[in-house]
């Protein structure tokens, strides 16, 4: 029996692919022990236990995006986090990391412990944690080809899909038109009215939310239905006719399938899930970080399934004047989804098996 440790916390973009691979590993190796590393404030505290896996917390190494006095604490925080990770990893057989604050100390600890390491990079532009991890192991996987020397020889696996998205992809492939109609009906929207699904990531987006509310009168006058996921921590606007605001969408697969146009951030997981089930998207990349969200949407734009607008240009006037064109493009886009990520989890499991065997 082997012990497999997963590192990828903070946001759903790191956690959901890790959970998908953990399920795939458990399916192939039911007797292996699976552990997740996380920090006390990340979404992993909710998502990992809810999926039946054990979560162990380590100290967070917080690094602000702009210079501050908090940077003086980074060396000590990193040492403490590596020590905590090492105490867990010293008896493990494999570490699979997905980026984020949890992964960097885990990669270092695994290297010190002599444990095999797998790095999976979902974004088109790798983050600092995974760039560090890629220097410590020859076993790297990427969602798509990455223009980075650390990932030049990485295995292209795609992004592991959540179980509900994967199931819906398989089922919908039998008849995409019927699947999209069933999804819209199940959500309770008018079958003959176009549906826009708005989301700002796992925490929602105050910027996107405010623009949608400002655009409501004009959008409703066009007989457009709107499903708006505002985020659990944001104020829920009042429902109005075919405008349905919710704190969070539990059945994301249905929402992707039912929608004619999706308005969202272009996180790697969002792009992957939309690519599997969605029709057409307007992506508003988050204007922070290393610009990865702009690059994540590139393939979907090139295939005629998405448009990108900078947040500085995304406003109510833009949305109202562009929505008819977006709906037209949706009607002209392929009705089918994309199966390219369907076996990503199994590919990463196979890479992990190879890495352990080579130790």
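What follows is calculated from the coordinates using simple rules that are stated; it is not laboratory data. All values reported here derive from a predicted model rather than from experimental measurement. Neighbour counts run over all protein chains shown; Cβ positions are idealised from the backbone, glycine included.
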Using the count of nearby Cβ atoms within 10 Å as a rough guide to exposure, how do 248, 86, 139, 107 rank from fewest to most?
248, 86, 139, 107
Bridge type composition, the range 163-332 - antiparallel percent by DSSP, nearest 5
5
Sorted on mean Cβ neighbours within 10 Å (highest first), peptides 113-120, 255-262 come out as 255-262, 113-120
Kindly express, to the nearest 10 degrees and within the range 0 to 90, the angle between helix 316-332's C-alpha long axis and the longest C-alpha principal axis of the chain.
90
Could you sort the peptides 53-59, 17-23 by per-residue average Cβ neighbour count (10 Å cutoff), highest mean leading?
17-23, 53-59
Taking the Cα atoms only, what angle lies between the long axis of helix 206-221 and the longest principal axis of the chain, rounded to 10 degrees?
20
Within a 10 angstrom radius of the beta carbon, how do 28, 272, 312 rank from fewest other beta carbons to most?
312, 28, 272
From the alpha carbon gyration tensor of the chain, can you work out the equivalent ellipsoid semi-axes (sqrt of 5 times each eigenvalue) and give them in Å, largest to smallest?
37, 22, 18
Among 128, 176, what is the fewest-to-most ranking by other Cβ atoms within 10 Å?
128, 176
In deg cm²/dmol, rounded to 500, what helix-only [θ] at 222 nm does the chain give when every DSSP H run of at least 4 residues adds -39500 (n - 2.57) and the total is split over its residues?
-13000 deg cm²/dmol
With a bin width of 10 angstrom, please list the P(r) values of the range 163-332 as percents of all Cα-Cα pairs, from the 0 bin to the one holding the largest distance.
10, 42, 39, 9, 0
